[in-house]
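Please read the structure below before turning to the comments.
The values are calculated or read from the model by the stated rules, or taken from the named source; none is laboratory data. Keep in mind it's a predicted model, so treat the numbers as computed, not measured. Note: ideal-geometry Cβ built from the backbone for every residue, glycine included; neighbour counts use all protein chains shown. For the accessible areas, the whole protein counts, side chains as well, though only heavy atoms, and no ligand, DNA or RNA atoms are used. Shrake-Rupley method; radii C 1.70, N 1.55, O 1.52, S 1.80 Å.
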Amino acid sequence: MAILVTGGAGYIGSHMVLALADAGEKVVVIDNFSTGFPWLLPPNVAIRGGDVGDAGFVTSVIEEFGITELAHFAAKIVVPESVSNPMLYYGNNTAKSRTLFETAIKCGVERVIFSSTAAVYGDVSGDPVSEDILVNPVSPYGRSKLMTEWMLEDAAKAHGLSYVILRYFNVAGADPKGRSGQSFPIATHLIKIAVQAALGMRAKMDIFGTDYATPDGTCVRDYIHVTDLAQAHVDALSYLRSGGQNAILNCGYGRGFSVKEVVDVVKAVTKVDFRADIGPRRAGDPATIVAKSDKIRATLGWKPKHDDLEEIVAAAYAWEAKLKARNA
Ligand code: UDP
C-alpha cells in the first residue's frame, strides 16, 4: 500500500511527503515540476514526472505502486493570475481534478485528502469563519477549488470514496529541519516577501493598505506553519483509515495577525530594519480572514506544535537564506 501525493514536489506537498516519510509510510509523488522541485524530497521517495490530467500516466503510476490513497495538492494557486487567466485555473484545478478523480475511482482508490482553500468563503471579513457558513468564492481560484470540492463530494456519494477536504488559511514557514520551504522564485505572499526584504533580495516591500476596519488598519490573516498543516493531512489519513466520516475542515489556528504585526515580527526576528512603505490597497483583499479551528481539533485530534509567529518567520527566513546561498 502506498500513498500517491500529487504536487508532492511543491511547497505544501513536499512537507506532506516529509511528514509521511518520517512516519514510515510508503509515498509516491507525481509532479509536473511547473512550480515544484524534486531536490526538496527525500531520496527514498519515488517520483514520477507527469500531469494529473493525463489519465494514462496516472493509471500507470497507481498500478505500478498499488495505490489506494490519494493526497491531491497539484494546483495553480495565485489569485490575481486566476483573475486574469480564469480558464487556466478551471482547466488546471477543476478539469484536471475531474480526470484525476475519475482515474482514481476506476483504479480502486479508497481515500482522498484534498487541498482546498479559505478562498472558497469569499469576502467574509470579521469573526472567525466556520466550515458551515455559505461559501461564496470571489476569485476564479476559489471557484476552481470549490467546484473540485463538489466533484469530490458527489463522487464519494456515488462511488463510496471517503475524503477529507482541508481548507487552508495563510500557510507560511518551512520545515524546522531545513529540508523544504517555499522555493518558487516569484514571491507573492507576505512573509516570503518580508524575509526577502530582510535578506536584501529586494530593496523594499509595500504594505497594501492601512485603511481597513481592523485594529491597526492593515489586513488580518491566520498564518499557519506548513509543518502543522502537513501534520493535519497525516492526521486526516489516520482518521479515514479508522473509519472516520467524510469531512470538510478549516486549517488555521483561530487567531490573526495584521500585516503591520507581521512586518514588525520579521524585523525583530531578522534584526534588520528593512524598508516597508505604505502603499494602496491590493484589489480583492478582505480585511480579516481567520479560521474557526475547533472542528479540525475535535475531528482529527490535531494538535499544532508550531503556533508561534516568531517561529514561523524564523523558519521562513532560514529557508530563504539557504535558497539564496544555493542560487548564488
Ligand atoms: N501583503 C502586503 N504586502 C505584500 C504582500 C502581501 O501588504 O507585499 C498583504 C496582503 O495585502 C494581505 C496580507 O498581506 O492583506 C496577506 O497576503 P498574502 O498574499 O500573503 O496572502 P492572502 O491572504 O492574499 O492569501
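When you filter the chymotrypsin sites (Phe, Trp or Tyr not before Pro) in the range 31-108 for DSSP loop state and at most 16 other Cβ atoms inside 10 Å of their Cβ, you are left with Phe33. Shown here are the Rg and Dmax of the Cα trace of the range 1-59, at 10.6, 30 Å. Averaging the Cα positions of each part gives two centres, and for the range 177-192 and the range 109-155 these lie 24 Å apart.
Largest first, the three principal axis extents of the alpha carbons in the range 164-307 are 52, 36, 24 Å in whole numbers. How much of the calculated P(r) for the range 1-153 lies past 23 Å, in percent of all Cα pairs? Beyond 23 Å sits 37 percent of the P(r) for the range 1-153.
Taking every DSSP helix (H) stretch of at least 4 residues in the chain, weighting each as -39,500 (n - 2.57) and dividing the sum by the residue count yields a mean residue ellipticity at 222 nm of -12000 deg cm²/dmol. When the Gaussian network model of the chain links Cα atoms closer than 10 Å, the mean-square fluctuations of Gly36, Gly122, Gly56 top out at Gly56.
Taking 17 Å as the cut-off, the amide N atoms of the range 226-268 that come nearer than this to a point 7 Å along the Cα-to-beta-carbon line of Lys157 belong to 246-248. Protein heavy-atom accessible surface, 1.4 Å probe, per residue over the chain: 42 Å². Farthest toward the positive end of the dipole of the chain, out of Pro140, Thr214, Ser34, is the Cα of Ser34, where the dipole comes from beta carbon charges about the Cα centre. Ordered from largest to smallest accessible area (heavy atoms of protein chains, 1.4 Å probe), the residues Thr214, Thr6 come out as Thr214, Thr6. Accessible area of Ser34 (1.4 Å probe, protein heavy atoms only, ligands and nucleic acids ignored): about 70 Å².
Distance between the pseudo-spin-label points of Asp294 and Asp22 (7 Å out from Cα toward the beta carbon): 2.9 nm. Accessible surface of the chain, 1.4 Å probe: 54 percent of it comes from carbon and sulfur atoms. With the convex hull constructed from alpha-carbon coordinates only, the chain shows a mean projected area of 15.5 nm² over all directions.
For the range 163-178, backbone phi angles converted through the Karplus equation (6.51, -1.76, 1.60; θ = phi - 60°) give residue-by-residue couplings of 8, 10, 9, 10, 9, 7, 8, 8, 8, 8, x, 7, 3, x, 8, x Hz, Gly and Pro being listed as x. What you get for the range 224-276, charging only the Cβ of Lys and Arg (+1) and of Asp and Glu (-1), is a dipole of about 120 debye around the Cα centre. Once you divide the Cα radius of gyration of the range 50-99 by 2.2 N^0.38 Å, the number left is 1.32. Measuring only protein heavy atoms, the 1.4 Å probe finds Ile191 accessible over about 10 Å².
In plain terms, the chain from Arg255 to Lys177 could stretch by 25.5 nm, reckoned as 0.36 nm per residue minus the Cα-Cα distance. Identify which of Ile62, Ile278, Ile12 has the largest mean-square fluctuation in a Gaussian network model of the chain, with springs joining Cα atoms closer than 10 Å. Comparing Ile62, Ile278, Ile12 in the GNM, the peak value goes to Ile278. Put a plus charge on the Cβ of each Lys and Arg, a minus charge on the Cβ of each Asp and Glu, and nothing anywhere else: the dipole of the chain about its Cα centre is then about 540 debye. Using only side-chain charges placed at the Cβ, +1 for Lys and Arg and -1 for Asp and Glu, the dipole size of the range 161-283 relative to its Cα centre rounds to 280 debye.
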